[in-house]
1. Here's a check for you: in the stretch 173-204, which residue that is in contact with a Lys or Arg (Cβ under 6 Å, 6 or more places away or on another chain) and crowded, with 16+ Cβ neighbours inside 10 Å is nearest to residue 247 (Cα to Cα)?
2. Which of the numbered conditions does residue 152 fail, given that it passes all the others? Conditions: (1) part of a strand (DSSP E or B); (2) surrounded by fewer than 22 Cβ atoms within 10 Å (Cβ to Cβ).
3. What number of residues in the stretch 141-187 are out of contact with any Phe, Trp or Tyr (no Cβ under 9 Å at 6 or more places or on another chain) and of a type in the set (S, T, N, Q)?
4. For the stretch 43-57, what are the residues that are under 18 Å from the mean Cα position of the chain (by Cα), in a loop (DSSP other than H, G, I, E, B) and charged (D, E, K, R)?
5. Which residues, counting only those in the stretch 135-149, are surrounded by fewer than 24 Cβ atoms within 10 Å (Cβ to Cβ) and hydroxyl-bearing (Ser, Thr, Tyr)?
Amino acid sequence: MGTELPDQFPTTAGWRAFPRYPDAAIEALDPRFEKYWIMQSAVERLYTGCRWSEGPVWFGDGRFLLWSDIPNNRILKWEEETGAVSVYRKPSDYANGNTRDAQGRLVTCEHGARRGTRTEHEGNITILMDSWQGKRLNSPNDVVVKSDGSVWFSDPPFGILGHYEGHLADAELGQNVYRIDGETGEASIIADDVLGPNGLCFSPDEQILYIVESRGVPHRKILAYDVTASGREISNKRVLIDAGPGTPDGMRCDVDGNLWCGWG
């Protein structure tokens, strides 16, 4: 029997002939993981050809995935039904982190324009924030939207350190994590003590905010903060995970409170 791939399964969709289950590429290091392991599934490569992929965000209502290819200055789109990959936005202003708000709109961190934006349903782009007290942001990195509509994002300087993932520039602000109020649009600094703030997410009840400290000494860390009763501030900083030689980056929390982290 031949092993040629049928036309309806393009190689860019990551289709593999004769998959075997369970996939040997998946290993449960802790028995608590096994309840989340779908044994009749396999690791698939959806696409190749990116220089550096970040910020995946799933549109379940449209059955497609968007993600950022930062150095190539584009956002790509993968369609579940066909496996086709196309350019969603180019130039993307060196987009990095992406998420959706409660209205299903795309919220994006842009290194190149040094701002956070929202893509409206009609396709036009709204600038959420590009400066703080008259000074330009560094290079917004990752973003999460709380149930009250507030937008929380990290702002390290990675996108202004050279021309590979943004534009070389001097930092005008410290490395902060910001909150944009969902009703008034008013911005505030909610953390200024994180070395290289990167990925961030909330626990399911939104009482804990997790932040990746990507320039932590001597190792990267995942920090945890309590969200105050008002939902506008955080307190009680603590180290949840010392990553050792690992490199956690983007992350999300599932309905059971587990953190799923991109980990180099």
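1. Our first condition is that a residue be in contact with a Lys or Arg (Cβ under 6 Å, 6 or more places away or on another chain); within the stretch 173-204, this holds for 173, 188, 190, 195-196, 201.
From what is left, the residues that are crowded, with 16+ Cβ neighbours inside 10 Å are 173, 190, 196, 201.
Values: 173: 25, 190: 24, 196: 12, 201: 17 Å.
For the stretch 173-204, the residue satisfying everything is 196.
2. Residue 152 satisfies all of (1) part of a strand (DSSP E or B); (2) surrounded by fewer than 22 Cβ atoms within 10 Å (Cβ to Cβ) except (2).
3. So the answer is 3.
4. Correct list: 51 only.
5. 147
Okay, residues lined up against (1) within 19 Å of residue 212 (Cα to Cα); (2) of a type outside the set (Phe, Trp, Tyr):
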{"site": "85", "(1), (2)": "no, yes"}
{"site": "90", "(1), (2)": "no, yes"}
{"site": "108", "(1), (2)": "yes, yes"}
{"site": "129", "(1), (2)": "no, yes"}
{"site": "132", "(1), (2)": "no, no"}
{"site": "143", "(1), (2)": "yes, yes"}
{"site": "153", "(1), (2)": "yes, no"}
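All of the numbers you see were taken from the coordinates with simple rules; none came from a lab. Small disclaimer: the values here were computed from a predicted structure and weren't measured. When we count neighbours, we look across all protein chains shown, and the Cβ atoms used for this are built from the backbone with ideal geometry, even at glycine.
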